[in-house]
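Below: the structure, in structure tokens.
All of the numbers you see were taken from the coordinates with simple rules; none came from a lab. A quick note: this is a predicted structure, and the numbers were derived from the prediction, not measured. FYI the Cβ positions are ideal-geometry reconstructions off the backbone, even for glycines, and counts take in every protein chain you see.
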Amino acid sequence: LTGRYKSAHVIKKMPGNWKTVMDAFIESFHVENVHPQTAAYSGVEQAQYDVWPGKRHFSRTLTPVGMPTSSGSYPISDQQIVDRFIKEYMPGYEHLVGAPAATLGEGDTPRDVIGRIYTDMLAEQLQVDLSDLDTACAIDAVFYSIFPNFQPWPTLAYPLFYRFRPLDDDPNQCLMDIIILAPFQGERPPSATPVIQEFEEPLANALGVLGEILDQDCAHIRAIQAGMRAARDKQLNLAEYQDSRVRHYHRTLGEYIAAP
């Protein structure tokens, strides 16, 4: 992190309990339905969830980029995977002067090409040397949870850091800090001034393509909060594997609440 600086910081008011909102960002299970435009190049069903025995306070997800989810819903070619990534996550790339070719060569995989064009584009835009960055660290969705309310995403394509906090002692709303830590070289640029956004204000206004994806998450929070409060049995129904980190977090939280 010594080579990163805070290039953007949005404090978003969210219409849900801070734990409910955080649950929505702990897993990749929701991507195919909530972010359908990304599912063609996100290996949602291939995602790895890491919960370590005896380690209550952190967990991790690794979701590979450059392959479609394996549900069979996306019978597309390798070149189409690259093209879809560019269309949805790198708009305007094809118009950049001197942009490297986004076509697969002999022996190339979609991950190879996506990793190459994305790091080359950022290296040019940010004037940083990214030549020693491997594909996984460049483009995969890797995200941790640090108990109780902090989520760092360390890879280059998703340089996000989340924090979830209560708002005004109201259990039906919260604050979500969204911070982007961009790479730099030389003198550290000044940190971005935090911007407060109201409940219905689009994150895309402040965060571009990443904000458009986050807006899709935010669109469901109000209904999720209302549904949980209306549930008759007051229980969460969780997927066995894809929600394993959600279960791990709530188990840890429950142990603290139950402690004498």
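If R0 equals 35 Å, the separation of the Cβ atoms of Glu106 and Asn172 corresponds to a calculated FRET efficiency of about 0.05.
Between Asp129 and Phe199, the contour length at 0.36 nm per residue exceeds the alpha carbon distance by 21.4 nm.
Phi-derived couplings, Karplus 6.51 cos²θ - 1.76 cosθ + 1.60 at θ = phi - 60°, listed residue by residue for the range 46-53: 8, 4, 10, 10, 10, 10, 9, x Hz, with x used for Gly and Pro. In this calculation the C-beta distance from Ala258 to Ser70 is compared with R0 = 45 Å, giving a FRET efficiency of 0.70.
Tell me the mean residue ellipticity at 222 nm calculated for the chain from its helices only (DSSP H runs of n ≥ 4, each -39500 (n - 2.57), averaged over every residue, nearest 500). Result for the chain: -10500 deg cm²/dmol, rounded to the nearest 500.
Name the residue farthest towards the positive end of the dipole of the range 4-258 from the options Ala47, Met176, Leu122, assuming +1 on Cβ of Lys and Arg, -1 on Cβ of Asp and Glu, about the Cα centre. My answer, from the dipole projection, is Met176. Only Lys, Arg, Asp and Glu carry charge here, each on its Cβ (+1 for the first two, -1 for the last two); on that basis the chain has a dipole of about 1040 debye about its Cα centre.
Residue ranges 181-192, 83-94 sort as 83-94, 181-192 when ordered by packing (mean number of other C-beta atoms within 10 Å per residue, highest first). In order along the range 194-206, the Karplus-derived 3J(HN,Hα) couplings, from 6.51 cos²θ - 1.76 cosθ + 1.60 at θ = phi - 60°, round to x, 10, 8, 10, 6, 3, 9, 6, x, 5, 4, 4, 9 Hz, and Gly and Pro are given as x.
Which value, in debye to the nearest 20, describes the size of the charge dipole of the range 1-103 about its Cα centre when Lys and Arg Cβ atoms bear +1, Asp and Glu Cβ atoms bear -1, and nothing else is charged? Approximately 680 debye in magnitude. Go ahead and set up a Gaussian network model of the chain, Cα springs under 10 Å, then flag whichever of Gln48, Gln151, Gln125 fluctuates most. Looking only at Gln48, Gln151, Gln125, the biggest GNM fluctuation is shown by Gln125.
For the chain, the residue among Ala157, Pro190, Met67 whose Cα projects farthest onto the positive side of the dipole built from Cβ charges is Pro190. In this simple spin-label approximation, Asn33 and Arg56 carry label points 7 Å from Cα along the Cα→Cβ vector, and these lie 3.2 nm apart.
Give me the percent relative contact order of the range 4-258, please, defined on Cα pairs under 8 angstrom at least 6 residues apart.
32
At the listed q of 0.07, 0.08, 0.11, 0.12 Å⁻¹, the Debye profile of the chain, built from one uniform point per Cα, gives log10 I(q)/I(0) equal to -0.26, -0.34, -0.65, -0.77.
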